[in-house]
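Inspection log for the structure reproduced underneath, given as structure tokens.
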Ligand SMILES: NC(=O)c1ccc[n+]([C@@H]2O[C@H](COP(=O)([O-])OP(=O)(O)OC[C@H]3O[C@@H](n4cnc5c(N)ncnc54)[C@H](OP(=O)(O)O)[C@@H]3O)[C@@H](O)[C@H]2O)c1
């Protein structure tokens, strides 16, 4: 696929770092966004220790990272989601945004989803940055698996939702750097209402069976529309 410049905001956390690693491994230029310069530099060093110093990974403050990128991944905890998006809304204008934020909390019974006014974090993102092409993706893939040295996480599908066809196509191709195949277009952005809470169920399964479970959509191999993505080398 076409080489992208991708900012991963919250890229110092396990999810952002794992996604950044997968994108950089396939030749994309990645900027780790952080509120803290030293943490950003540390994450760059960790990824380059894996991929070599020739890999294109740099760090910057969240806003500067977003400004320099074509594609921006939002990988901060839900409590930081609206404040971050409000702060950088003008910078995100016209960009493809990938929101992977799961509004979750934990109580004595385990994980559960939070009530979000817009019904999903991804829709909240679109409200806060109306001029960005917002998609939802990578909600159900575990950070531990992303950071593993498995070539592809080909036991799972990456579900992609969004209202902009072109943005979804970009994200579906980026998904191939993780799963080895195109992300699955599950429909409009509002499908995030169903994807984000599923994470609570996956965490519950993980706890019960001591695994890192994922979601695979069956039957797609019969689709006449399916094309295999070839990740950038
Ligand atoms: N962990 C997983 O397996 C997983 C799987 C799927 C989806 N997700 C979603 O991905 C997102 C990130 O997950 P994570 O586990 O990587 O989270 P995390 O470690 O708690 O946070 C990620 C990074 O976000 C920044 N951050 C923390 N609080 C913030 C705030 N209030 N405002 C702005 N930035 C803040 C921090 O970076 P700096 O201090 O460097 O700025 C932190 O390193 C979450 O929304 C989660 O639901 C996680």
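Any read-out appearing in this document is the output of simple, stated calculations on the displayed coordinates, not a laboratory observation. These figures come from a predicted structure and were not determined experimentally. Positions of Cβ are backbone-derived with ideal geometry, glycine not excepted, and every protein chain shown enters the neighbour counts.
Go ahead and estimate [θ] at 222 nm for the chain from helices alone: -39,500 (n - 2.57) per DSSP H run with n ≥ 4, summed, over the residue count, rounded to 500. Let's see the in-between values first.
On the way: 8 runs with 94 residues, N = 233.
It lands at -12500 deg cm²/dmol.
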Output the relative contact order of the chain, whole-number percent, from Cα pairs under 8 angstrom with separation of 6+ residues.
19 percent
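On full extension of the chain, what length is gained from residue 108 through residue 2, given 0.36 nm per residue of separation minus the C-alpha to C-alpha distance? Let's see the in-between values first.
On the way: separation 106, 0.36 × 106 = 38.16 nm, distance 4.61 nm.
Gain on stretching residue 108 to residue 2: 33.6 nm.
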Taking a label point 7 Å from the Cα of residue 131 along the Cα→Cβ vector, which residues of the range 81-99 have an amide N closer than 18 Å to it?
85-98
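What per residue convex hull volume, in Å³, do the alpha-carbon atoms of the range 6-65 yield? Don't skip to the end; give the middle numbers.
Working: hull volume 3.6 nm³, N = 60.
Spread over its residues, the Cα hull of the range 6-65 gives 59 Å³ apiece.
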Plugging the Cβ-Cβ distance of residue 70 and residue 223 into 1/(1 + (r/R0)^6) at R0 = 30 Å yields, to the nearest 0.05, a FRET efficiency of 0.60
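With a Förster radius of 30 Å, plug the Cβ-Cβ distance of residue 79 and residue 54 into 1/(1 + (r/R0)^6) and report the FRET value to the nearest 0.05. Write down the numbers at each step before the final one.
Numbers: r = 37 Å, r/R0 = 1.22.
That pair, residue 79 with residue 54, gives E of 0.25.
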Over the Cα atoms of the range 1-107, what Rg and Dmax result, in angstrom?
13.0, 44
What whole-number distance in Å separates the alpha-carbon centres of the range 51-111 and the range 177-191?
18 Å
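With a 10 Å radius around each residue's Cβ, average the other Cβ atoms per peptide and rank 8-19, 76-87, highest first. Walk me through the intermediate numbers first.
Working: 8-19: 25.5, 76-87: 16.8.
Final packing ranking: 8-19, 76-87.
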Give me the log10 of I(q) over I(0) for the range 5-221 at q = 0.09, 0.14 Å⁻¹, as the Debye formula computes it from C-alpha points; what are the numbers?
-0.31, -0.79
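Over its Cα atoms, what ratio of radius of gyration to 2.2 N^0.38 Å does the range 59-118 give?
Working: Rg = 13.7 Å, N = 60, 2.2 N^0.38 = 10.4 Å.
Output field value: 1.31.
State, as an integer percentage, the relative contact order of the range 97-233 based on alpha-carbon contacts under 8 Å between residues 6 or more apart.
Details: 242 pairs, mean separation 36.1, N = 137.
Normalised by residue count, the contact order of the range 97-233 is 26 percent.
Treat the range 142-233 as a sphere of radius equal to its Kirkwood radius over Cα pairs and apply Stokes-Einstein at 25 °C in a medium of 0.890 mPa s; give the translational diffusion coefficient in µm²/s, rounded to a whole number. Intermediate values should be presented prior to the final figure.
On the way: Rh = 14.1 Å.
Taking Rh from Cα pairs, D becomes 174 µm²/s.
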How do 216, 135, 5, 177 rank when sorted from fewest to most other Cβ atoms within 10 Å of their own Cβ?
216, 5, 177, 135
